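The values are calculated or read from the model by the stated rules, or taken from the named source; none is laboratory data. Nothing here was measured: the structure is a model prediction, and the numbers come from that model. FYI the Cβ positions are ideal-geometry reconstructions off the backbone, even for glycines, and counts take in every protein chain you see. For accessibility, only protein heavy atoms count, side chains too; no ligands or nucleic acids. Shrake-Rupley method; radii C 1.70, N 1.55, O 1.52, S 1.80 Å.
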Amino acid sequence: MSLHFPVLVVLIPLFGALLTFFAGLFRRTWAWHITTYATLLSFVVSLDLLMSVRATGRISYWLGGWAPPWGIEYVVDYFSGYILVVISFISFMIAVFAGPYVKKQIGPERELNFFVLYLLLITGLLGMVITGDIFNVYVFLEIASLSGYALVAVGKKRGAVVASYNYLILGTVGAVFVLLGIGHLYMVTGTLNMADLRERLPDLYHSRVVLTAFVFFVIGFGLKFALFPLHTWLLSAHSLAPSAVSAILAAAVLKVNLYALMRVMFTVFTPAFVYEAVPITEIFFVITPIAILVSSVMALAQTNIKRMLAYSSIGQIGFIVLGIALANETALTGSLLHMLNHALMKGGLFLLAGVIIYQTDRYHITDWKGLGKTMPLTMLVFTIYGLSMVGVPLTAGFVSKWYLAIGALEAGRWYFIPVILVSSLLTAVYFWRIIEWGYFHEPDDPEDAKDRCHVPWAMMIPIMVMAFLLLFFGVAAFIPEGPARQAAAMLLGMQ
Amino acid sequence: MEAIHSPLPFYVMAVSLIAAGLIRLSKDRPNLREFWTIGAALVKFSLVLVMLRHVLAGQTFSYRLLTVFPGLDIAFRVDPLGIFFAVTASLLWIITSFYSIGYVRALDEHAQTRYFTAFAVALSATMGVAFSANLFTSFIFYEIITLCTFPLVAHKETPEAIRGARLYLTYLLGTSIAFQLPAIFLTYTTAGTLDFTAGGILAGKGSDTLIAIIFVLFMAGIAKAALMPFHSWLPAAMVAPTPVSALLHAVAVVKTGVFMILRVLLDIFGVDLLGDLGLGTALAYAASFTIVVSSVIALRQDNLKARLAYSTISQLSYVILGAALLAPAAVTGGIMHIVLHAFGKITLFFTAGAIYVAAHKTKISELDGIGRSMPFTMTAFTIGALSMIGVPPLGGFLSKWYITLGAVEAGQFPILIVLVVSTILNACYFLPIVYAAFFKPPQVAAPARSNPGHGHEEEPHIYWPWKKFGLQEAPILMVAALTFTALGTILLFFAPSGFLALARMIVGG
C-alpha cells in the first residue's frame, strides 16, 4: 500500500471530488464531511511520505509502471515532501473551517459547488508539487487554476465575479508563459522529465531558446504567485473572494506556484546556472525590497481587513523570493520556513477575518472597536497571529526572519537588514492598531457588547490549532527547521 | 566559578507567571486574588535568597530550558550581576504589592484583575532578563516586559493614557526592533555565539568599525535605559497608576535597561575591548549629557511625577556612567546605584501616589504645607530626595562616592564637574518641594476629599484610620510601604555589605 502513496496523495482528493459531488446530491452535509476526510487522508499520506524520505531518501514513483523518460514520474524528495505536508495540512484546516462558513456566507445552494471545486483545487496543487514531469506540472497547474478562478466567484459578494475574471485573464497569461517555457525546453531537448532535462540542459545553457524558456518560467510562475510588480490581480481576487477561498489562495496556491518556480530553478536548471549565468538574482534584489516596503506601506493605508492582508501577502512573498536570491543555505532555509509560516499565518488570518465577518458583517477594521470584549477568544488568537506576523520572538514569524537576516549577513548584503526590520515595524503598526481598537476602545454601539459570539467551534478550532502551531514552531523551531534545512541543502547542493 | 545545573532560576521566573494565571482565575474574589500576588512575591523573593547564598559562596546556576533551533537557546544563568538585580526587584515587588493593594482599593480603580495580572507577568519577565544566559533570551524577556506593561500604562483608557501608552510602545518596541535586533544579528554573525561570557565575546572577532557599529546599535536599541535621545517614553509612561510608575518605571523596566547595558558592556564587549576602542569614554560623555540635560528639564516640571521621571532619566545615566568609566571603583558605583536609586526613587513615587490618593494633588505648586497633614509621607519624601542628592547618611551617597573615586581613577576630571553640577541641580529640584511642604502655609484650596474615588458613595474596602488623629494620610498599607523603603534607604548606607560584596564579585570577574 505505502508503495503507492505518492500517487494516492493526488488520487485521494481527485476521487474525493467525485464522491463529494454524488454524495452531496443526496445529502449536503456529506460534501463537507467527505472533503474534510479526503484532505485529512492526503495530509496523513504526505506526512508518511516525508518521514520515509527523511529515513530512506528520494522516492521515485513510475505512473503505470512506465520508466521515467517516457512515462510520468512522481518524485518525493526533501523539498516536495516538505511542501506536500504544508499544503495538505493547510487544506485540511481550511476544509474543517469551511463547513459552517460556507453554509452561511456562500449559501446552501452553492455549498456543493464549493466543496467539489475545493477538492479539485487541492488535487491540482498537490499534483504540481509531487510530479517530476514538467508537462504534468502544467496539467495540474490548469486544474488548480480553473478551480481557483471558479472559487473566487463562488461567493455572494458583488465584484467577486470581476475579480475572478481579472484573475482568470492574468492567470491564463501566466499559464501560457509556463506552457511556452515547457515547449521551448522540449524543442531543444526532446524530453519532459525533470531529471532528464537536468542532464541534457547544461550543454545548451548558451542557447537562446533555453534562456528564453527560463525567462518564461520566471514570468509565468511569477504572475501566478504575485511576484511584484505582477501582483495586481491578487488584490481584488484575495480581498473579494469568500474568506475561506482567500485563505487557501494565500496559504496554498501562492506557495505551490512559488514551489514550482523553485523546482524549475534548482532541479530543472542548476543553482550554478541560476546564480551565475543569468542576472535573475540582481533583478530579485531590486524588486523584493520594493515589494516588501511598498506592500507594507500600502497595507497600512487599508481599512478593509482583507485588502490589508492581501497587500501584506505581496511583501511576504517578497521575503521568500529574497531568501532564494541570497543563494546560501541559511537564507534558503529561511525562505522554506517562511513558506510554512506564511501559510499558517496568512491562512489563519484570512480565516479569522472570515470569523469576524461571519459574526459582525464588518469588513473595516475601524468598525472593530471593542472586539476584545465581544469576541475575546477571536481577539486573543488574532493577537497571536499579529505578533507572529511582526516577528516577535517565540513565534514562528521570528524564526524565518532570523534565518533570512542571518542569511543576508552571510551573503554580505547587510542592507537587507533594514528592509526586513522596517517592514517588521510597519507590520507592527498595522496589526497593533487593530489590537488596540479591539482591547482599549469601547464599542461605538453599546448594544454590540450584548451580542454574544455565535461562531461555531468547527470554525474556531482550525484557527486555534494554527495559532498554537505558530507558538509551538516559535519555541520548538527545530521541528520544521530540520526538513527545511535538508531541503535547502539539497536544492543548493545539486550541482 | 562552580556552576550548578538547576532549574531554580526558571522557577523563580515562572512563579509569578503561574500567579498571573491564578490572579486571572480568581477575578471575582479580590482578597484571594491579592493573596496570590503577595504569595508569589514572597515565594519569589525566598527563592532568590536561596540562590543569593550560593552565589555569594562563589557558585553560579545554569539551566537550559530549550533549544529553539541549533545555535539559539533559551537558557538561564545566575551570576552575581543577575542576582544583584533580582534581589532588588523581587524585594521591592513585595513592598509594591502591598502598596498597590492600598492604592487601587482606595481609588476604587477599574480593571484591577488586568492590573495585577500584567504586574505579575512584568515581574516574571524582569527575572527572566536578570537570569538570561544569552542575548536571545534577554531579548525575548525584554520584549515581553514592553508588551505586558502596555496595559498598565494604558490603564486609565482615557485618550491621554492611550496616547502615552502608544508613545511608550512605539519607543520601546521600535528601538528594540530597529536597533537591538540588528545588533544581535551582527553579534551572532561576528562572534558565532550569543552567550554572555565574562570578558566579552567580540574581542578580536571583527574590525573596529564593525564593533563600533554594534556598540552604537546596542546603546540605541536598549531604550529602556532612557539614554538621550531615546528617553521620551519615560515621561509619557507617567500616565500609568503610581504603583506602576514606582516599581516599573523606577525599578523593573528602567533597571532592566541599565542592567542590559551593563551586561552588554561587561559580557559582550568586555572592559578591555571598550577601553582599547575608546568606546567607554564616548558612552561616559553621552551619559553625562543625559544626566545634566534631564536634570535641567526636571527643574521646569510642575507635575510631581514628571519631575520624578526626568530625575529617573538622569539617575539611570549614573549607572551607565559608572560602567562606562571602566575603572573598577566606578563600575562598582554604577552597579550599587541600581539598588540605591531603586530604594530612593520608589520611595519618592510611593509618596507621590500617597499624595494623590489622600489629597488628590499631582502638581508641585499645590503642595504648600502638605507636610502638616501628611507628616509620614513627606518625611519619607525628604529622605528619598536627600538620597537622590547624595547626602550622607543615605544610600545615594555611596554610589556617588564610588563613581567619583572611579572618575579620578580613570583620570576623567571633566566627569567630576558633571557630578558636582548634577548634585546641585538635584538639590535645586527636590529641596523646594520639601521646603514648601513643611514651611509654607497650606493653601486654602478646595476642601480636601476624605474619600477620593470615582464618585462612589460607599467607603472603600481598606483600612484608613487617619482621621482619628487629625491627619490626612493615605491608607495604612501605603504609608507602611513608603516608610519601609525610606528606612531601607537609610539602612543601605549603614549596611551595604551584601550588595557591595556582589558588586565586587562582578567587577573582580
Taking the conditions exactly as written (of a type outside the set (Ser, Thr, Tyr), open to solvent by 10 Å² or more (accessible area, probe 1.4 Å), more than 22 Å from residue B:413 (Cβ to Cβ) and within 17 Å of the chain's Cα centre (by Cα)), does residue B:224 satisfy them or not? no
In the set A:326, A:377, A:322, A:352, which member is open to solvent by less than 30 Å² (accessible area, probe 1.4 Å) and more than 30 Å from residue B:189 (Cα to Cα)? A:352
Quick one: which residue in A:179, A:201, A:185 is surrounded by fewer than 21 Cβ atoms within 10 Å (Cβ to Cβ) and not charged (D, E, K, R)? A:179
Find the residue count for the stretch B:1-19, including only residues that are open to solvent by 10 Å² or more (accessible area, probe 1.4 Å) and either without any contact (Cβ under 8 Å) to a residue 12 or more places away in the chain or part of a helix (DSSP H, G or I) (or both). 8
Quick check on residue A:347: is it in a helix (DSSP H, G or I), in contact with a helix residue (DSSP H, G or I) (Cβ under 7 Å, 6 or more places away or on another chain) and closer than 30 Å to residue B:70 by Cβ? yes
List the residue pairs whose Cβ atoms are under 9 Å apart, where the first residue sits in the stretch B:148-165 and is modelled with pLDDT under 85 and open to solvent by less than 60 Å² (accessible area, probe 1.4 Å), the second is part of a helix (DSSP H, G or I) and not aliphatic (A, V, I, L, M), and the two are 6 or more positions apart or on different chains. B:157/A:440
If you scan the stretch B:170-188, which residues turn out to be within 29 Å of residue B:113 (Cα to Cα), open to solvent by 10 Å² or more (accessible area, probe 1.4 Å) and among the aliphatic types (A, V, I, L, M)? B:173
Inside the stretch A:130-178, can you point out the residues that are assigned to a helix (DSSP H, G or I), within 18 Å of residue A:13 (Cβ to Cβ) and in contact with a strand residue (DSSP E or B) (Cβ under 9 Å, 6 or more places away or on another chain)? A:130, A:136, A:137, A:139, A:140
Exactly one of B:143, B:109 is within 28 Å of residue A:475 (Cα to Cα) and among the acidic types (Asp, Glu), and that one is B:143
Among helices (runs of 4 or more DSSP H) entirely inside the stretch A:190-291, those with 1 or more residues being free of Cβ contacts under 8 Å to residues at least 12 places away in the same chain are A:194-200, A:208-224
Being small (Gly, Ala, Ser), surrounded by 20 or more Cβ atoms within 10 Å (Cβ to Cβ) and under 27 Å from residue B:349 (Cβ atoms), is that true of even one residue in the stretch B:254-262? yes
Answer with yes or no whether residue B:75 is open to solvent by 40 Å² or more (accessible area, probe 1.4 Å) and not basic (Lys, Arg). no
For the stretch B:367-379, what are the residues that are assigned to a helix (DSSP H, G or I), buried (at least 18 other Cβ atoms within 10 Å of the Cβ) and either in contact with a strand residue (DSSP E or B) (Cβ under 7 Å, 6 or more places away or on another chain) or not polar (S, T, N, Q) (or both)? B:370, B:371, B:376, B:378
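Okay, residues lined up against (1) within 11 Å of chain B (Cβ to nearest Cβ); (2) in a helix (DSSP H, G or I); (3) modelled with pLDDT under 90:
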{"position": "A:378", "(1), (2), (3)": "no, yes, yes"}
{"position": "A:383", "(1), (2), (3)": "yes, yes, no"}
{"position": "A:394", "(1), (2), (3)": "yes, no, yes"}
{"position": "A:421", "(1), (2), (3)": "yes, yes, no"}
{"position": "A:426", "(1), (2), (3)": "yes, yes, no"}
Inside the stretch A:28-74, the number of residues satisfying the requirement of being among the hydrophobic types (A, V, I, L, M, F, W, C) and not in a helix (DSSP H, G or I) is 6
Of everything in the stretch B:189-205, what is in contact with a strand residue (DSSP E or B) (Cβ under 6 Å, 6 or more places away or on another chain) and either at the interface with chain A (Cβ under 10 Å from one of its Cβ atoms) or open to solvent by 60 Å² or more (accessible area, probe 1.4 Å) (or both)? Give them in sequence order. B:195
Scanning the stretch A:406-432 for residues that are without any contact (Cβ under 8 Å) to a residue 60 or more places away in the chain and open to solvent by less than 40 Å² (accessible area, probe 1.4 Å), the one nearest to residue B:171 (Cα to Cα) turns out to be A:428
Of everything in the stretch B:181-212, what is hydroxyl-bearing (Ser, Thr, Tyr) and under 22 Å from residue A:419 (Cα atoms)? Give them in sequence order. B:187, B:188, B:189, B:190, B:209
Condition met for residue A:359 (assigned to a helix (DSSP H, G or I) and surrounded by fewer than 24 Cβ atoms within 10 Å (Cβ to Cβ)): yes
Is it fair to say residue B:211 is touching a residue at least 12 places away in the same chain (Cβ under 8 Å), buried (at least 16 other Cβ atoms within 10 Å of the Cβ) and either closer than 27 Å to residue B:226 by Cβ or within 11 Å of chain A (Cβ to nearest Cβ) (or both)? yes
